[in-house]
Amino acid sequence: MNSLIHADQSLFLWLNNTLERSWLDPVMEAATALGNGFYLFPIGLLLMALFARKNFRRDFVLWASTSFVSFIVGTTLKHLVQRDRPLAAFHSAIASHAVTVHVLGPSLYANSFPSGHTFTAFSTASLFSSLYPPIAVPLFTLATLTGLSRIYVGAHFPLDVLGGAFIGLFSTFLVMRWIAPRWIRANAAKPEGPGTTP
């Protein structure tokens, strides 16, 4: 386990330091914002308005369910694992100037695993990719960029991002496996209204 943590920390430092570019800062700040529900919610509504059409209500319920599952699982793990974020893990090394961490945004120190921004982005990307396959590639590309941005801004280790991505994917799997079929069966079983023709 110690060797895995050491490799994870080394990979973080390499990515965080190597990728740093002044022109890339605003790009990564925008990418990390995609994992924030405040920004993601209107984007999701726009996607459903464009692609859901008659299934808007169903898709909204599925999206809300996936987001809820990923939030519960991710938040629970954060408090159970209680992993230090990079700024806390490298505190002594940073103070002695042995390492440098590129930070954009607020300085965060606790509850690193898993990455909340990443599981939020991946739960949405995987759910909408299942519902609207033609836009799967751009959705997953943006979700991956969001995960990478969490390393770039100094907020998470690579394993935190991988864990967040897995939670997002797993949440969608559960919702599409258990909730979606029940929704379809329930609506198919509804009697037709008066005056309707079969």
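The values are calculated or read from the model by the stated rules, or taken from the named source; none is laboratory data. Predicted model only: the values in this text are computed from it and were never measured. Heads up, the Cβs are rebuilt from the backbone with ideal geometry, glycines too, and the neighbour counts pull from every protein chain shown.
Considering only region 10-18, I want to know if a residue exists there that is assigned to a helix (DSSP H, G or I), small (Gly, Ala, Ser), closer than 27 Å to Phe157 by Cα and free of Cβ contacts under 8 Å to residues at least 24 places away in the same chain.
Within region 10-18, one or more residues are assigned to a helix (DSSP H, G or I), small (Gly, Ala, Ser), closer than 27 Å to Phe157 by Cα and free of Cβ contacts under 8 Å to residues at least 24 places away in the same chain.
List the residue pairs whose Cβ atoms are under 6 Å apart, where the first residue sits in region 145-174 and is closer than 18 Å to Ala7 by Cβ and touching a residue at least 24 places away in the same chain (Cβ under 8 Å), the second is basic (Lys, Arg) and crowded, with 19+ Cβ neighbours inside 10 Å, and the two are 6 or more positions apart or on different chains.
Filtered contacts from region 145-174: His156/Arg150; Val161/Arg150.
Only residues that are over 23 Å from Ala33 (Cβ atoms) and either part of a loop (DSSP other than H, G, I, E, B) or of a type in the set (S, T, N, Q) (or both): list them for region 88-108, please.
Listed by number, the residues that qualify are Phe90, Ser92, Ser96, His97, Ala98, Val99, Thr100.
For residues in region 13-55 being among the hydrophobic types (A, V, I, L, M, F, W, C), at pLDDT 95 or above and out of contact with any helix residue (DSSP H, G or I) (no Cβ under 6 Å at 6 or more places or on another chain), which is surrounded by the most Cβ atoms within 10 Å (Cβ to Cβ)?
The qualifying residue surrounded by the most Cβ atoms within 10 Å (Cβ to Cβ) is Leu13.
Please go through region 10-37 and pick out each residue that is under 17 Å from Gly163 (Cα atoms) and over 21 Å from the mean Cα position of the chain (by Cα).
None; the set is empty.
Kindly indicate whether Val61 is of a type in the set (A, V, I, L, M), part of a helix (DSSP H, G or I), touching a residue at least 40 places away in the same chain (Cβ under 8 Å) and under 17 Å from Leu162 (Cα atoms).
Against the criterion (of a type in the set (A, V, I, L, M), part of a helix (DSSP H, G or I), touching a residue at least 40 places away in the same chain (Cβ under 8 Å) and under 17 Å from Leu162 (Cα atoms)), Val61 does not qualify.
Looking at region 65-85, is at least one residue in a helix (DSSP H, G or I), farther than 29 Å from Leu127 by Cβ, at pLDDT 95 or above and touching a His at 6+ places or on another chain (Cβ under 9 Å)?
no
Select from region 19-40 the residues that are of a type outside the set (Val, Ile, Thr) and outside any loop (DSSP other than H, G, I, E, B) and list them in ascending order.
Leu24, Asp25, Pro26, Met28, Glu29, Ala30, Ala31, Ala33, Gly37, Phe38, Tyr39, Leu40
Given the criteria closer than 22 Å to Asp84 by Cα and in contact with a Ser or Thr (Cβ under 7 Å, 6 or more places away or on another chain), does His102 qualify?
Considered against the rule, which asks whether it is closer than 22 Å to Asp84 by Cα and in contact with a Ser or Thr (Cβ under 7 Å, 6 or more places away or on another chain), His102 comes out as no.
Tell me yes or no: at least one residue of region 96-113 is surrounded by 15 or more Cβ atoms within 10 Å (Cβ to Cβ), of a type outside the set (Ser, Thr, Tyr), in contact (Cβ under 8 Å) with a residue 40 or more places away in the chain and closer than 25 Å to Ser171 by Cβ.
The answer is yes, given that some residue of region 96-113 is surrounded by 15 or more Cβ atoms within 10 Å (Cβ to Cβ), of a type outside the set (Ser, Thr, Tyr), in contact (Cβ under 8 Å) with a residue 40 or more places away in the chain and closer than 25 Å to Ser171 by Cβ.
When residues of region 131-152 are filtered for being buried (at least 23 other Cβ atoms within 10 Å of the Cβ) and either among the hydrophobic types (A, V, I, L, M, F, W, C) or modelled with pLDDT under 95 (or both), how many remain?
2
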